Amino acid sequence: MIGLTLVVTTLLLSAPDQLPGCEGLAALPLDCGTVTGSEVIGPGEWKAPDGELLTDLPATCRVTLRLQPGAGSSIQAEVWLPRKRWNGRLLGTGNGSYGGVIVHDALADGVVRGFATANDDMGTAPAAGPTASRGPRSTP
């Protein structure tokens, strides 16, 4: 989570409240990972990658990241930044259990309330089932 906090801080310091260059954040260099994309979503509806339809979104800058704070790590994360009326605060949202997914409705809820909002898959994607197993467990 420290790596994600540093990334969000970098994004917030690099992008003022109005975020005129949201798409340009994709070129932002990071020490602990890569910005994989940035786009403006909203206002209105947005269809998440999992097919969930989110409604009543304010204009938002969606930044997708691949974080690698340590050797062999790969954490997918998203930071959503409200384009107007940012309340000056960051909301880090969870995803429950073993993670494995980005929770887009939590991101949407945060930006609706004016927060810069972050969520990540805890580096456990793809989660499968309640134990987040990747298949049958082998025994030594």
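Of the residues making up the stretch 50-61, those that are in contact (Cβ under 8 Å) with a residue 40 or more places away in the chain and either touching a strand residue (DSSP E or B) at 6+ places or on another chain (Cβ under 6 Å) or part of a loop (DSSP other than H, G, I, E, B) (or both) number 7.
If you check R137, R85, R62 for being of a type in the set (K, R) and either touching a His at 6+ places or on another chain (Cβ under 9 Å) or modelled with pLDDT of 90 or more (or both), only one passes: R62. All conditions in (1) touching a residue at least 40 places away in the same chain (Cβ under 8 Å); (2) in a strand (DSSP E or B) hold for W80, with the sole exception of (1). C22 passes every criterion in (1) modelled with pLDDT of 85 or more; (2) surrounded by 12 or more Cβ atoms within 10 Å (Cβ to Cβ) apart from (1).
Residues checked against (1) in a strand (DSSP E or B); (2) touching a helix residue (DSSP H, G or I) at 6+ places or on another chain (Cβ under 7 Å); (3) exposed (fewer than 15 other Cβ atoms within 10 Å of the Cβ):
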residue: T36; (1), (2), (3): yes, no, yes
residue: A71; (1), (2), (3): no, no, yes
residue: L107; (1), (2), (3): no, no, no
residue: N119; (1), (2), (3): yes, yes, no
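The values are calculated or read from the model by the stated rules, or taken from the named source; none is laboratory data. In this text the structure is predicted, and so the values were computed from the model without any measurement. Positions of Cβ are backbone-derived with ideal geometry, glycine not excepted, and every protein chain shown enters the neighbour counts.
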